[in-house]
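Down below is the structure, laid out as structure tokens.
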Amino acid sequence: IADLLGRPDLLRGAGYIDGQWIDRDDRFDVTNPADDSVIASVAQLGRAETVRAVDAAERALPAWRALPAKARSVTLRRWHDLILAHGDDLARLLTAEQGKPLAEAKGEIAYAASFVEWFAEEAKRANGDVIPGPTATRRLVVVKQPVGIVGAITPWNFPAAMITRKVAPALAVGCTVVLKPSELTPLTAFALAVLADEAGIPAGVFNIVAGDAPAIGEVLTGDPRVRKFTFTGSTPVGKMLAARCAGTVKRVSLELGGNAPLIIFPDADLDNAIEGAMAAKFRNTGQTCVCANRIYVHRDIYDDVAHALAERVALLRTGAGLGGATDAGPLINRAAIEKVERHVADARAGGGRVLTGGARIGDRGNFYAPTVMTGVSPDALLCREETFGPLAALVRFHSEAQVIDYANSGSAGLAAYFYTRDASRIWRMGEALDYGMLGINTGLISTEVAPFGGMKESGLGREGSHYGTAEFLDIKLLCQEIA
Ligand code: ADP
């Protein structure tokens, strides 16, 4: 795989602590989900190295925190420029370990870089407050200070963007970071660290450990020096790690599972709705936490939507992300395929019918055909849990009140989408849906300038936007009595 890179030195197989690459004889393999081939072997780090990484982050903190915001901003801006300059290499690495089509990987690198740019700018705006005092001699000033050392754990579905969305705001405001990327996709993380070093981010400010996830997680959630823990991943793991953080009362941000409803009302622009459903459902082969998981279609337009969607989906080209023009890559692993198979079987048992797809493709790699099902019951398993795969399941509804009930059922509250041209309905739905993000006549909601995050059990806190830095800042009151 190094042969694919203009800069072969971006490929690393070791942890990154205190500006040093930490190798070990004990190793784990990173595979390409398109054909299960081994693309790299990576040093297996654990508890001891994570403690060392926290030591390094602790040593680096005073100087990094003391820099003028503008100096951190300039450094982050350089990191951003380097990420874009090496975008093609990063995208190839990302596709090799994660599977998404190369064009999507390039899109993710641009998206990942956009967080670094945004937070380089926001670094300068950690403004405080001056509050009129309650008496003639009182002066109240609120200052914002970096929380300190940040522990971060990220998933495999966006191996670049989930990292920059956490690391960039943390570094921008003066925190130092110990990151554990997913062991399925650590190579993109290491390459980002190579570029961070080149950008002039000092040793110890940004550290990466990968390997024994539970052991690393124990340090990041248990070490009292880590003051903030930020996690993106599955809901059960997020809950378990957040509970551990209670022991040392860490600040916690969580981006957990979604189970996004996408609702098409009879007054929608149907072409636009189909377009949005394609984007919201099939991006990253259905493996994003904001992917439409259940598509509610009004009975008056149900058959038209089902057929139009099935026609579009049947045209999607499935194949290896590095193998030429493809629209849908493989799923991440065998377990991911099995989950889609379970959801399809369950929907079938409940009366659903497959219009297109409905089966694995080939026996090498992890390909599942993009699928459309109709007649899916509102009680289907996929209405309760995330599929995380290329299954578009259409559930029929007959009234606004009914579909609000359907949509708000369950414990997830990350993203929801609806299509309508009725301005009053937009307000009613906008206020009624219990979700952190609503796509209204659009299937794409993610941008660095807007707050990303969930309600209910989908998470705590927001990433991106000007809200994104608040997660890494403490508020301190200076209450002064003057003579
Ligand atoms: P998914 O793989 O479905 O995205 P996970 O929650 O399993 O969700 O993975 C998200 C991140 O959490 C990954 O970096 C993974 O290694 C990490 N992780 C999983 N289990 C643990 C654990 N027990 N302790 C620490 N990190 C964990």
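Suppose we filter 105, 123 for residues that are touching a residue at least 24 places away in the same chain (Cβ under 8 Å), in contact with a Leu (Cβ under 9 Å, 6 or more places away or on another chain), over 15 Å from residue 464 (Cα atoms) and not in a loop (DSSP other than H, G, I, E, B); which single one remains? Matching residue, one of 105, 123: 105.
Filtered by the rule that a residue be near the ligand (Cβ under 8 Å from one of its atoms) and in contact with a Ser or Thr (Cβ under 8 Å, 6 or more places away or on another chain), the range 239-256 gives a lone residue, 241. Output the residues belonging to the range 103-124 that are over 19 Å from residue 3 (Cα atoms), hydrophobic (A, V, I, L, M, F, W, C) and surrounded by 20 or more Cβ atoms within 10 Å (Cβ to Cβ). Within the range 103-124, 109, 112, 113, 115, 116, 118, 119, 120, 123 meet the criteria. Check whether at least one residue in the range 4-25 is in a helix (DSSP H, G or I) and modelled with pLDDT under 95, and report yes or no. Yes, the range 4-25 contains a residue that is in a helix (DSSP H, G or I) and modelled with pLDDT under 95. Against the conditions (1) on the phi < 0 side of the Ramachandran plot; (2) touching a helix residue (DSSP H, G or I) at 6+ places or on another chain (Cβ under 8 Å), residue 18 satisfies every one except (1). On the stretch given as the range 105-142, residues that are under 15 Å from residue 163 (Cβ atoms) and out of contact with any helix residue (DSSP H, G or I) (no Cβ under 6 Å at 6 or more places or on another chain) total 3.
Is it the case, given these coordinates, that residue 396 is crowded, with 16+ Cβ neighbours inside 10 Å, under 20 Å from residue 270 (Cα atoms) and of a type in the set (Lys, Arg)? When the stated conditions are applied, residue 396 passes them. One residue alone among 468, 443, 410, 439 is buried (at least 16 other Cβ atoms within 10 Å of the Cβ) and part of a strand (DSSP E or B), and that residue is 439.
Going through the range 433-472 one residue at a time, which ones are over 28 Å from residue 274 (Cβ atoms), among the acidic types (Asp, Glu) and over 13 Å from the mean Cα position of the chain (by Cα)? Hits for the range 433-472 are 457, 471.
Do we find that residue 166 is among the charged types (D, E, K, R) and buried (at least 24 other Cβ atoms within 10 Å of the Cβ) in this structure? The answer is yes for residue 166. Restricting 357, 324 to those that are away from the ligand (no atom under 16 Å from the Cβ) and surrounded by fewer than 16 Cβ atoms within 10 Å (Cβ to Cβ) reduces the list to 324. Taking the range 239-283 as the range and being closer than 24 Å to residue 387 by Cβ, polar (S, T, N, Q) and either in a strand (DSSP E or B) or touching a Phe, Trp or Tyr at 6+ places or on another chain (Cβ under 8 Å) (or both) as the test, only 272 passes.
The rows are residues; the columns are (1) over 17 Å from the mean Cα position of the chain (by Cα); (2) farther than 25 Å from residue 40 by Cα; (3) of a type outside the set (Ser, Thr, Tyr).
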residue	(1), (2), (3)
79	yes, no, yes
84	yes, no, yes
87	yes, no, yes
91	no, no, yes
96	yes, no, yes
105	no, no, yes
117	yes, yes, yes
121	yes, yes, yes
127	yes, yes, yes
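Residue pairs whose Cβ atoms lie under 7 Å apart, sitting 6 or more positions apart in sequence or on different chains, and linking a residue in the range 378-392 that is among the charged types (D, E, K, R) to a partner that is within 16 Å of the ligand (Cβ to nearest atom) and in a loop (DSSP other than H, G, I, E, B), are 385/259; 386/257; 386/258; 386/259. None of 230, 176, 185 is touching a Pro at 6+ places or on another chain (Cβ under 9 Å), surrounded by 18 or more Cβ atoms within 10 Å (Cβ to Cβ), more than 19 Å from residue 72 (Cα to Cα) and modelled with pLDDT of 95 or more except 185. For the range 95-102, the criterion of being modelled with pLDDT of 95 or more and surrounded by fewer than 22 Cβ atoms within 10 Å (Cβ to Cβ) is met by at least one residue. Got at least one residue in the range 295-307 being under 23 Å from the mean Cα position of the chain (by Cα) and crowded, with 18+ Cβ neighbours inside 10 Å? Within the range 295-307 (the criterion being under 23 Å from the mean Cα position of the chain (by Cα) and crowded, with 18+ Cβ neighbours inside 10 Å), the answer is yes, since at least one residue qualifies.
The values are calculated or read from the model by the stated rules, or taken from the named source; none is laboratory data. Computed from a prediction, not measured in an experiment: that's the story for all the values here. Because the Cβ atoms are built from the backbone with ideal geometry, glycine has one as well, and the counts that use them run over all protein chains shown.
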